[in-house]
Amino acid sequence: MTKTVLITGGTKGIGKVTALQFAEKKYQIVVNYRSDEKQAEQFASKLSLVSGKECKIIKADISTEKGCESLVSKIKEHDLHIDILIHNAGPYISDRKKMTEYSFNEWSTMINGNLNAVFHLSKAFIPHMREQKWGRIITYGFDRAETAPGWMYRSAFAAAKSGLVSLTKTISMEEAENGITANMVCPGDITGEWKEKVIESAQESDDHQNPVGRPGTGEDLARMISFLCDDHSDFVTGAVIPVTGGKDVLGKVFRDTVR
C-alpha cells in the first residue's frame, strides 16, 4: 500500500529536496506551504510527474494553532491519512538579536512554529499511525540540541528546538509499542542555494571551514530522513542525528567576529 508523507514548508529549501526524494520513491506527497501559491502549484506538478501520483498542496501557517487546525482539516477533506510526518517548517529569525531584543510576538512565533506546531500535528496524525501499527515522525533540531546548549543571538529558536528534543524522545518512547518511530535530524551550516542542491554539486566545491571539506546540501538531510522513514529503520527511534560535516555551527558567531 502506498504511504502518504506530509512535509510542512516543503516547497522551498531542504523541504523541497526532501519532497523530491520521496516522490522518486513513489510515495503519495502532501506539501504544506505558507505563501507563493504559484510556485507551490508548479512544484506540485513536478512532484506528481516524478511520483506518478497526484501531489496535494495545502496552504497554512503552522506557526499558529489556527493554521495547524486548518492544515489538518484540509487533509481530512482530501480523505488522506498521514503515515509519515516531516516537521520541516519552522520560523527562523536571521538577524542576530540578544534575548532582550526579541519582541513578544517574535518570541511567540518562534516557539509556536518550532515546538507547539509539532504537538498539534503529531497529536492529529498519531491516532491513524497507531491503528495501522506503523508511522514515522521526523523533527528538526540544531547542532548539539540534545545537550540544550546556549546559542548566542538565537535564544528563541534554540529554546524551542531544545524543548523539541525532549518532545521527540518522549513520543518515541510512548509510541514505540505502536510501531511508530520519532527521530530528530540536526542540519549543519547549510545556507542559501545549498539548501536545494545535491551532494554531487557540493563535492565539486570547497568549504575550508567544514572538516569534510565541502558545503552541506539539502540532499544530505533528505538522504538521512529517507533512511529513518524506511520500513527497516524501526530500530532507530528517539535519536538526535547531526548532519553537519563535523562543523561547529554554534561557534560560527565567534569565528565571524574574529574575522
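What's the FRET efficiency of Glu106 with Asp248 using the Cβ-Cβ distance as r and R₀ = 25 Å, to the nearest 0.05?
Plugging the Cβ-Cβ distance into 1/(1 + (r/R0)^6) gives 0.45.
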Along each principal axis, Cα extent of region 34-189, largest first, Å: 47, 42, 29
- line: Rounded to the nearest 500, the 222 nm mean residue ellipticity computed for the chain from DSSP H runs (n ≥ 4, each -39500 (n - 2.57)) alone is -13000 deg cm²/dmol
field: Surface share of carbon and sulfur [accessible, 1.4 angstrom probe, percent] for region 35-90
entry: 46
message: For a quick check, take a GNM of the chain with Cα springs below 10 Å and name the residue from Tyr33, Tyr140, Tyr102 with the largest mean-square fluctuation.
response: Tyr102
- prompt: Helix 13-24 versus the longest principal axis of the chain: what angle, 0 to 90°, nearest 10, using Cα atoms?
  reply: 40
statement: Filtering trypsin sites (Lys or Arg not before Pro) in region 64-135 by DSSP loop and by at most 12 other Cβ atoms within 10 Å leaves Arg96, Lys98, Lys133
- prompt: Considering only DSSP states other than H, G, I, E and B, which GluC sites (Glu not before Pro) in region 13-67 qualify as loop sites with at most 15 other Cβ atoms within 10 Å?
  reply: Glu54
message: Show me the chymotrypsin sites (Phe, Trp or Tyr not before Pro) within region 162-259 that DSSP assigns to loop and that have at most 15 other Cβ atoms within 10 Å of their Cβ.
response: Phe235
query: If the cut-off is a Cα-Cα distance under 17 Å, which lysines reach Lys252, setting aside same-chain residues fewer than 8 apart in sequence?
result: Lys97, Lys98
Between 0 and 90°, nearest 10: helix 37-51 axis offset from the chain longest Cα axis: 70
- request: Give the calculated FRET efficiency between Lys97 and Ser35 to the nearest 0.05, with a Förster radius of 30 Å applied to their Cβ-Cβ distance.
  value: 0.80
- request: Would you mind telling me which residue in Thr237, Thr181, Thr147 has the biggest mean-square fluctuation in a Gaussian network model of the chain, where springs connect alpha carbons within a distance under 10 angstrom?
  value: Thr147
- request: Would you tell me the accessible area of Arg154, worked out with a 1.4 angstrom probe on the heavy atoms of the protein chains, in Å² to the nearest 10?
  value: 30
- request: May I ask for the angle, rounded to the nearest 10°, between helix 117-132 and the longest principal axis of the chain, with both axes built from Cα atoms and the value confined to 0 to 90°?
  value: 40
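The values are calculated or read from the model by the stated rules, or taken from the named source; none is laboratory data. Source: prediction; values computed, not measured. Because the Cβ atoms are built from the backbone with ideal geometry, glycine has one as well, and the counts that use them run over all protein chains shown. These accessible areas exclude ligands, DNA and RNA; they are computed on the full protein's heavy atoms, side chains included. Shrake-Rupley method; radii C 1.70, N 1.55, O 1.52, S 1.80 Å.
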